[in-house]
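Structure record follows, encoded as structure tokens.
The values are calculated or read from the model by the stated rules, or taken from the named source; none is laboratory data. On a predicted model such as this, the values are computed, not experimentally measured, just so you know. Here the Cβ positions follow ideal geometry from the backbone for every residue, glycine too, while neighbour counts run over all protein chains shown. In case anyone asks, the SASA skips ligands and DNA or RNA and just uses the protein heavy atoms, side chains included. Shrake-Rupley method; radii C 1.70, N 1.55, O 1.52, S 1.80 Å.
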Amino acid sequence: MEIIDSPQKIKSFIQELKEQQKTIALVPTMGKLHQGHGELIKNAKQKADIAIVANFINIMQFGLNDRPGQYPEDFAHTSEIAKMNGADILFTPEPSIIYPQGFSTFIQEESLSKKLSGPSRPNLFKGYATGTVILLNLIRPQFLILGQKDIHQTNLIKKVIKDLMYPTEVIVHEIVRDKDNLAYSISNEFLEKFQRQDAQRIFEAIQKAKKMVEGGTRSVERIIAEVTHHLMQSLRLRIVYIAIVNPQTMESLTTIHPKESLLVISVWIDQMRFNDNAIL
Ligand code: AMP
């Protein structure tokens, strides 16, 4: 596995790969990698000749209340996970090289980025879209592998790719879960045992919602009430949002359309935020 940290170097490397007619799949990531990322990298390697993992802290997506400085990084662990899962290139630019002094051009998507917590986190979607577009321009991948776990961001990038006519196919990888069904996340490693038990309520609530739909419930209000009730039984858990939305547009629904309704959950457990979702 090659480790490259300069945009110039990656550009000339990509040029060589293009001349050799190699196909490229890109996996954009941030901070310390975990096995959820690992599965995306395996998927990239199955799809294309060359799997590239981009790993850098995208400072543009953080707001004043976010704490990018606390986003853990562990280069040795990250490069081990990337290598073990088949990455050919690990691209690790310094954020200050991607966004040099005076940087002033942004990608602002106007529809999806206004849904759910979009308005309260104005930098998140603008920064994520801008960072991803810079990677698309540098790496020119045929495939972009993103996670269902961050479905709102994933849908946003699909929209940007469509609107700006990038010749890249987005592959959405299912949520990768640990043995206890908690979705892998950078936050998991900070959880104490008792907090992890609370975190399991998220998957339990999803299962409850699925059962209700299987049993014939079609009222979004009733399902959200049940999910809220289950989550609120833990005092440590604070709800950011629970919504049932159209899986592509993220518009709120009032009635369940089975297999076409997406339950999205975002909660704080003490100072850590967790997102999860499932098609109902
Ligand atoms: P992050 O490093 O958290 O910004 O995530 C990088 C990519 O990995 C995004 O496309 C995420 O959706 C994806 N990802 C993170 N955790 C998981 C998971 N548990 N299962 C599937 N994809 C994930």
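Odds and ends about this structure:
- Whole-number accessible area per residue in Å² for the stretch 231-280, which is evaluated in the context of all protein chains at 1.4 Å: 47
- In plain terms, the chain is cut at each of the trypsin sites (Lys or Arg not before Pro) found in a DSSP loop with at most 11 other Cβ atoms within 10 Å, and the longest leftover piece is 1-178.
- Shown is the FRET efficiency for Gln197 and Arg273, computed with R0 = 30 Å from the Cβ-Cβ distance and rounded to the nearest 0.05: 0.95.
- Taking 0.36 nm per residue of sequence separation and removing the Cα-Cα distance, the Gln207/Asn123 pair yields an extension gain of 27.0 nm.
- Scaling the Cα radius of gyration of the stretch 80-195 by the globular reference 2.2 N^0.38 Å produces a ratio of 1.20.
- Ser219-Asp74 FRET efficiency (beta carbon distance; Förster radius 51 Å; 0.05 resolution): 0.65
- Highest mean first, the peptides 95-106, 260-271 sorted by other C-beta atoms within 10 Å per residue fall in the order 260-271, 95-106.
- Rel. contact order, % - alpha carbon contacts under 8 angstrom, at least six apart, the chain: 17
- Calculated FRET value between Gln8 and Gln46, using beta carbons and R₀ = 35 Å, to 0.05: 0.75
- Overall form of the stretch 165-260 per C-alpha gyration tensor (a/c, 1.5; a/b vs b/c): oblate
- Degrees between helix 193-214 axis and first principal axis of the chain (Cα, 0 to 90, nearest 10): 70
- Taking each of Lys179/Lys211; Lys9/Lys83; Lys42/Lys193; Lys83/Lys126 in turn, the alpha-carbon distance tops 25 angstrom for Lys42/Lys193; Lys83/Lys126.
- Close amide H pairs (under 5 Å, H built 1.01 Å from N) link Glu169 with Phe143, Leu144, residues at least 5 positions away or on another chain.
- The chain: projected area of the alpha-carbon convex hull, averaged over directions, in nm²: 14.8
- The chain: angle of helix 75-84 to the longest principal axis, Cα-based, in degrees nearest 10: 90
- Full extension of the chain between Tyr241 and Leu164 yields a length gain of 24.7 nm, computed as 0.36 nm times the residue separation minus the alpha carbon distance.
- Listed by chain and number, the aspartates and glutamates whose C-alpha is less than 19 Å from the C-alpha of Lys11, apart from same-chain residues fewer than 8 away, are Glu2, Glu19, Asp49, Asp88, Glu94.
- Length-normalised contact order of the stretch 219-270 in % [C-alpha pairs under 8 Å, at least 6 apart]: 41
- Among beta bridges from DSSP that stay inside the stretch 135-280, the antiparallel ones total about 80%.
- Relative to the longest principal axis of the Cα atoms of the chain, helix 220-232 runs at roughly 80 degrees.
- Length-normalised contact order for the stretch 74-133 - Cα pairs under 8 Å, 6+ apart - percent: 27
- For the set His37, His229, the ranking by accessible area, highest first and with no ligand, DNA or RNA atoms included, is His229, His37 under a 1.4 Å probe.
- Sulfur and carbon atoms: percent of accessible area, the chain [1.4 Å]: 49
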